[in-house]
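Trainee: Structure provided below as structure tokens; questions to follow.
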Amino acid sequence: MNILLHTCCAPCAIYPVSQLRSQFTENITLFFFNPNIHPYQEYKKRLDCLVSFCDKNDLPLIVEGGYQLTEFLRAVVFQEDKRCSICSSLRMTKTQEWAKMHKFDAFTTTLLYSRYQNHHQIKDQCQILSQESKIPFYYEDFREGWQYGVDISLEQKLYRQTYCGCIYSEQQRYDKSQRPKKRKDRC
Ligand code: SF4
């Protein structure tokens, strides 16, 4: 079985990779498609850290799409309140398409590791994409390994981001007047 693991960053990949290796398959390919990460230097920091993580752990990595600031903003502009659903849909759709085109047996995502993402919405999006494409979606609640991933990422001194990814989330992280009252908007 070979699986395509959509990956947002190295710290979030630690636990899913360890789980997939122990429960499912050794044949894991990481897939970096994240047009939501801004600005460019932040995108580069996350990607560079992931490249190094993959080298150390002998994991193949596909980097798709490059830095797509303009494309992402065009997708969410005038509907910023729905941006997280649009964001995960863009990323999961591309992952599923890539899995189908390159004949992977299944796909999944490190977004299911985050405590801050809309877990059930992402799961539902993936299940619908899977039904449409006939590419199986591997579901696991990777949030159970949250602390394990944090501990290993700190031990290995991996770059840990301080906000979710888009420039809206960066503002919400640092501009107190913009912070939603209940939502923790970072992964
Ligand atoms: S807050 Fe995070 S999930 Fe939502 S649109 Fe921005 S990067 Fe995507």
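The values are calculated or read from the model by the stated rules, or taken from the named source; none is laboratory data. Model, not experiment: these values are computed from the prediction. Here the Cβ positions follow ideal geometry from the backbone for every residue, glycine too, while neighbour counts run over all protein chains shown.
Trainee: Those residues that are hydroxyl-bearing (S, T, Y), more than 29 Å from A75 (Cβ to Cβ) and part of a loop (DSSP other than H, G, I, E, B), I need them from region 145-176; list them, please. Don't jump to the end; show me each part of the working.
Mentor: Residues of region 145-176 that are hydroxyl-bearing (S, T, Y), as a first pass: 148, 153, 159, 162-163, 168-169, 174.
After this cut, where a residue has to be more than 29 Å from A75 (Cβ to Cβ) as well, the list is 148, 153.
Hits for region 145-176: nothing passes.
Trainee: Okay, next question. What residue, among those in region 158-180 that are closer than 25 Å to Y67 by Cβ and of a type in the set (D, E, K, R), is farthest from the chain's Cα centre (by Cα)? Reasoning before the result, please.
Mentor: Quick first cut of region 158-180, residues closer than 25 Å to Y67 by Cβ only: 158-175, 178.
With the extra rule that they be of a type in the set (D, E, K, R), the set shrinks to 160, 170, 173, 175.
On the way: R160: 14, E170: 17, R173: 19, D175: 24 Å.
My answer is D175.
Trainee: Which count do you get for residues in region 51-76 that are surrounded by 15 or more Cβ atoms within 10 Å (Cβ to Cβ) and either in contact with a His (Cβ under 8 Å, 6 or more places away or on another chain) or basic (K, R) (or both)?
Mentor: Final tally of qualifying residues: 2.
Trainee: Suppose we filter R183, R83 for residues that are modelled with pLDDT under 95 and either within 15 Å of the ligand (Cβ to nearest atom) or within 23 Å of I37 (Cα to Cα) (or both); which single one remains? I'd like the intermediate steps shown before the answer.
Mentor: Values: R83 fails: modelled with pLDDT under 95.
It is R183.
Trainee: Something else now. When only residues in region 100-125 that are touching a His at 6+ places or on another chain (Cβ under 9 Å) and in a helix (DSSP H, G or I) count, which is farthest from D81 (Cα to Cα)?
Mentor: It comes out as T110.
Trainee: For region 10-60: of the residues being within 16 Å of the ligand (Cβ to nearest atom) and of a type in the set (F, W, Y), which is farthest from the chain's Cα centre (by Cα)?
Mentor: Only one residue tops the list, namely Y40.
Trainee: Sticking with this structure for a sec: Identify, from the list Q131, Q178, Q172, the residue that is at pLDDT 95 or above and polar (S, T, N, Q). Before you say what the answer is, go through the steps one by one.
Mentor: Working: Q178 fails: at pLDDT 95 or above; Q172 fails: at pLDDT 95 or above.
Only one candidate passes the filter, namely Q131.
Trainee: Within region 88-121, can you find the residues that are among the aliphatic types (A, V, I, L, M) and surrounded by fewer than 23 Cβ atoms within 10 Å (Cβ to Cβ)?
Mentor: L90, M101, A106, L112 - these are the residues of region 88-121 that are among the aliphatic types (A, V, I, L, M) and surrounded by fewer than 23 Cβ atoms within 10 Å (Cβ to Cβ).
Trainee: Output the residue which, of all residues in region 1-28 that are polar (S, T, N, Q) and outside any loop (DSSP other than H, G, I, E, B), is farthest from K56 (Cα to Cα).
Mentor: Initially, region 1-28 is screened for residues polar (S, T, N, Q), giving 2, 7, 18-19, 22-23, 25, 27.
Narrowing further to those that are outside any loop (DSSP other than H, G, I, E, B): 18-19, 22-23.
Working: S18: 14, Q19: 17, S22: 18, Q23: 21 Å.
Within region 1-28, the match that is farthest from K56 (Cα to Cα) is Q23.
Trainee: Restricting attention to region 1-26, and to residues there that are over 18 Å from Y139 (Cβ atoms) and modelled with pLDDT of 95 or more, which single residue is surrounded by the most Cβ atoms within 10 Å (Cβ to Cβ)? I'd like the intermediate steps shown before the answer.
Mentor: The first filter runs over region 1-26 and keeps only residues over 18 Å from Y139 (Cβ atoms), leaving 9-11, 14, 26.
From what is left, the residues that are modelled with pLDDT of 95 or more are 9-11, 14.
On the way: C9: 25, A10: 28, P11: 24, I14: 24.
By that ranking, first place goes to A10.
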